[in-house]
Amino acid sequence: MRAAVLRGKQDMTVEVGRPLSALKHGEVRIAVRACGICGTDQHIYHGHPGSAAVRPPIVLGHELAGEVIEVGDGVVGIKAGDRVSVDPNIYCGACEFCRNGRPHLCDRLQAVGVTRDGGMGELCDVPAANCYLLPDEVSDVEGALVEPLGCVLHGYKKLDVRPVSTAVIIGGGFIGQLFLQLVRKQAARVAVFEPVAGKRGQLEALGADDEAAVRAWAGKADIVIECVGRRQSMELAFAVARKGGQVLLFGVSSPETEISVSPYAIFSKELRIMGSFVNPFTHEEAIALIRGKAVDVEGLVSHRFALDEVPQVMGAYPMLNVAKGVIVHGR
């Protein structure tokens, strides 16, 4: 098969004839139709870990959907011809965290597109247990973007969002726009801190307050959601939060990033600080939200790429104005 293979730091090539092993018990083989390019893919491309340690050569791509073309022994409920979205995270089921209801913190976490080949190839083998049937109303691109929406849902559910809440989202990219669509349904007001002026129109169309209101919100937010992962934006999150506020650090930073925060400010404001990691138990709900048009994911896609373009795209991605790029196989 053809696949974009990461061979090392900033070293990716499209290979033809990459071999596939025989399907294992409980696995299915998917003809990938669409695969999102995630910020985590960029972290891995530049030599950082993803949700788990990465050992090249590897085919990246953990946001994927496609058609089942073959099923292995022991597979029930899924057959050839089914369209599926993949939850990439594979848990051991035996460690302390798996056994106490927090499998996403699994000590032996594996993930499609991180520790095993993923969706940046024409074919992908995945456990059938990680496949969710897609209804006809959900497109292949939407199916690929179920995973990031599921991650956002996990973070959103940590927050206490009320009709009187004021919320600030730091970062108006793809993830920030997903949070905006969820938070605006419940909070009284939502502002998005986004330095790129060209994004203001889309953010306001999704329900964000206008730019003048944004500038007036420092220190007044009940809820702050950081979606960037940079030192300055994370420090800003603490400055923007009001007394009794909630701060969700969602953006993925590099492992070396450190921030300066006043413990006294945390104490005196009685801030509630949270992290959010991957997407436990949210994949099915994310599909339902997309199917019911409660959240728009495909309308946020800014670029569509063919498989042969992936190495060049990955190399230039930080310099491109890409809100969300998706690889469409067969494009």
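The values are calculated or read from the model by the stated rules, or taken from the named source; none is laboratory data. Nothing here was measured: the structure is a model prediction, and the numbers come from that model. Please note: Cβ atoms are built from the backbone with ideal geometry, for glycine as well, and neighbour counts cover all protein chains shown.
Before moving on, here are some points about what is shown:
- For the stretch 135-150, the set of residues classified as surrounded by fewer than 24 Cβ atoms within 10 Å (Cβ to Cβ) and more than 18 Å from GLY330 (Cα to Cα) consists of PRO135, ASP136, GLU137, VAL138, PRO148, listed by residue number.
- Failed criterion for GLU122 (all others in (1) closer than 21 Å to VAL146 by Cβ; (2) out of contact with any Lys or Arg (no Cβ under 7 Å at 6 or more places or on another chain) hold): (2)
- Of the residues making up the stretch 231-283, those that are in contact (Cβ under 8 Å) with a residue 24 or more places away in the chain and among the acidic types (Asp, Glu) are GLU235, GLU258, GLU270.
- Filtered residues of the stretch 1-53 (kept if small (Gly, Ala, Ser) and in contact with a Leu (Cβ under 9 Å, 6 or more places away or on another chain)): ALA3, ALA4, ALA31, ALA34, GLY36, GLY50, SER51, ALA52
- The number of residues in the stretch 177-198 that are over 20 Å from the mean Cα position of the chain (by Cα), buried (at least 19 other Cβ atoms within 10 Å of the Cβ) and not β-branched (Val, Ile, Thr) comes to 3.
- Single condition THR13 does not satisfy, out of (1) more than 17 Å from the chain's Cα centre (by Cα); (2) of a type in the set (Ser, Thr, Tyr); (3) buried (at least 20 other Cβ atoms within 10 Å of the Cβ): (3)
- Counted residues, the stretch 78-88 - those being farther than 12 Å from GLU27 by Cα, touching a helix residue (DSSP H, G or I) at 6+ places or on another chain (Cβ under 8 Å) and outside any strand (DSSP E or B): 2
- Residue within the stretch 285-296 that is surrounded by fewer than 17 Cβ atoms within 10 Å (Cβ to Cβ) and part of a strand (DSSP E or B) present: no
- Residue satisfying condition, being touching a Lys or Arg at 6+ places or on another chain (Cβ under 6 Å), in contact (Cβ under 8 Å) with a residue 40 or more places away in the chain and among the small types (Gly, Ala, Ser), within set GLY66, GLY47, GLY39, GLY61: GLY66
- Just one residue in the set VAL192, VAL228, VAL141 is under 21 Å from ASP41 (Cβ atoms), not basic (Lys, Arg) and not assigned by TED's automatic domain parsing to the domain that holds GLU285; that residue is VAL228.
- The test for being surrounded by fewer than 21 Cβ atoms within 10 Å (Cβ to Cβ), within 19 Å of ILE327 (Cβ to Cβ) and in the same structural domain as VAL138 (by TED's automatic domain parsing) holds for PRO57.
- Among (1) under 23 Å from VAL114 (Cβ atoms); (2) surrounded by 12 or more Cβ atoms within 10 Å (Cβ to Cβ); (3) out of contact with any helix residue (DSSP H, G or I) (no Cβ under 9 Å at 6 or more places or on another chain); (4) free of Cβ contacts under 8 Å to residues at least 24 places away in the same chain - the single one HIS303 does not satisfy: (3)
- For MET120, the criteria (1) within 25 Å of GLY77 (Cβ to Cβ); (2) of a type outside the set (Asp, Glu); (3) in contact (Cβ under 8 Å) with a residue 60 or more places away in the chain hold in every case but one, which is (1).
- Selection from the stretch 62-105 of residues that are under 20 Å from PRO49 (Cα atoms) and surrounded by 24 or more Cβ atoms within 10 Å (Cβ to Cβ): HIS62, GLU63, LEU64, ASP87, PRO88, ASN89
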